Amino acid sequence: MTVSRPHFLPATSLEEALDAKQENPATAFIAGGTTPVTDRQAHEPAGYISLRRIPALQDIEMRADGLFVGAGLAIATFLRDPLAGSAPLLVQAGRATATRQVRSRATLGGNIAVTLADRSMPPCLLALEASVHVHSREGLRLIPLERYLSDRAKAAQTTAPGILVGVTIPPAGGHHYYSRITAGNGGGYATVSVALKLDRERNAVRIGLGGVGLTAVRAHEAEAFAEANLDWNGASAPASLPSKIGEIAARHCDPPTDLSASATYRRHAVGVMVRRALEEAWEATR
């Protein structure tokens, strides 16, 4: 008996990968491979185009517009790089991602491109107002991460083929906070996660949420309320204000009910986690 296997192409350039995708649209791009390995029974593509040998996806450097991190960079490699210190929120999320073995294979780009709400990096990148670089036949585009995630989730992988090349993180001051809840409090994917950046110099609050929708989302309503009501020149925030901001974040998200948790639990968790994040951030920046 002959067992058919999906074909595998190790591309060495972006153009070679795009050519292969054009020749066989049913194939899937793959980098670290941690998600496809666990998802094979649910979805087996016609083949894989490996992006792991493409040098352009391995860069990490400080540029004029911020820190650029290549999509093919393994999370463990990112954590070891001296430039990672300029994005402490990503460092917190990276260290919380899965196990050491998974971090050595899983890539930053894969964490984003799968557009799954339980991944660690997207909520943090949303709070950092990051943008992604996508290379396609039309050229290289810079897209706000929030729009990229929303478009990918709505299209359900039916968009024209493009390769996520990397992410740019603008310079970010203030206090950064990341927290998540996992099943059994273990090293798995997040049931709910919250990333927050509070910058007193800009009078700005940014909140990214994971596990509460089709993909990671920004808590825009809670951000706007926080910026309008926090006493930026004061030494302390009213005791009730962080709770109110957490309630707004919880009210405006649309979490699912699944085997990990109910929608009610996830909303409650968002409210509590956002409150705690704001309380800690405000105290740390006094």
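Once the stretch 226-241 is narrowed to residues that are more than 24 Å from the chain's Cα centre (by Cα) and part of a helix (DSSP H, G or I), the residue that is surrounded by the most Cβ atoms within 10 Å (Cβ to Cβ) is LEU241.
Being over 23 Å from ARG267 (Cα atoms) and modelled with pLDDT under 95 is the requirement here; does GLY173 meet it? Judged against the criteria, GLY173 is a match. Of all residues in the stretch 257-271, those being surrounded by fewer than 17 Cβ atoms within 10 Å (Cβ to Cβ) and at pLDDT 95 or above number 6.
I want to confirm something. Restricting to the stretch 179-208 and keeping residues that are hydroxyl-bearing (Ser, Thr, Tyr), touching a strand residue (DSSP E or B) at 6+ places or on another chain (Cβ under 6 Å) and within 22 Å of ARG152 (Cβ to Cβ), which single residue is surrounded by the most Cβ atoms within 10 Å (Cβ to Cβ)? So the residue we want is SER193.
Select from the stretch 242-275 the residues that are in a helix (DSSP H, G or I) and among the aliphatic types (A, V, I, L, M) and list them in ascending order. Working first, answer last.
As a first pass, look at the stretch 242-275 and keep what is in a helix (DSSP H, G or I): 242-251, 263-275.
Selection gives ILE245, ILE248, ALA249, ALA250, ALA263, ALA269, VAL270, VAL272, MET273, VAL274.
So for the stretch 203-220 (the condition being part of a helix (DSSP H, G or I) and out of contact with any Phe, Trp or Tyr (no Cβ under 6 Å at 6 or more places or on another chain)), does at least one residue qualify? Scanning the stretch 203-220 turns up at least one residue that is part of a helix (DSSP H, G or I) and out of contact with any Phe, Trp or Tyr (no Cβ under 6 Å at 6 or more places or on another chain).
Kindly indicate which of ALA195, ALA219, ALA190, ALA250 is of a type in the set (A, V, I, L, M) and farther than 15 Å from LEU126 by Cβ. Testing whether each residue is of a type in the set (A, V, I, L, M) and farther than 15 Å from LEU126 by Cβ leaves just ALA250. Residues in the stretch 63-87 that are surrounded by 12 or more Cβ atoms within 10 Å (Cβ to Cβ) and either farther than 24 Å from THR34 by Cβ or of a type in the set (Ser, Thr, Tyr) (or both): ASP65, GLY66, THR77, SER86.
For the stretch 149-161, a residue qualifies if it is modelled with pLDDT of 90 or more and crowded, with 19+ Cβ neighbours inside 10 Å, and exactly one does: LEU149.
All conditions in (1) under 26 Å from HIS176 (Cα atoms); (2) modelled with pLDDT under 95 hold for GLY66, with the sole exception of (2). Residues in the stretch 242-286 that are touching a residue at least 40 places away in the same chain (Cβ under 8 Å), of a type in the set (S, T, N, Q) and under 21 Å from ASN203 (Cα atoms): THR285 only.
Would you check if ARG52 is surrounded by fewer than 18 Cβ atoms within 10 Å (Cβ to Cβ) and among the basic types (Lys, Arg)? In short, yes.
Number of residues in the stretch 209-225 that are buried (at least 18 other Cβ atoms within 10 Å of the Cβ), among the aliphatic types (A, V, I, L, M) and either without any contact (Cβ under 8 Å) to a residue 60 or more places away in the chain or over 19 Å from ALA153 (Cβ atoms) (or both): the value is 2. When residues in the stretch 98-114 are screened for being crowded, with 21+ Cβ neighbours inside 10 Å and of a type in the set (Val, Ile, Thr), 2 of them pass.
The values are calculated or read from the model by the stated rules, or taken from the named source; none is laboratory data. The structure displayed is predicted, hence computed values, not measured ones. Reconstructed Cβ throughout: ideal geometry from the backbone, glycine too, with neighbour counts over all protein chains shown.
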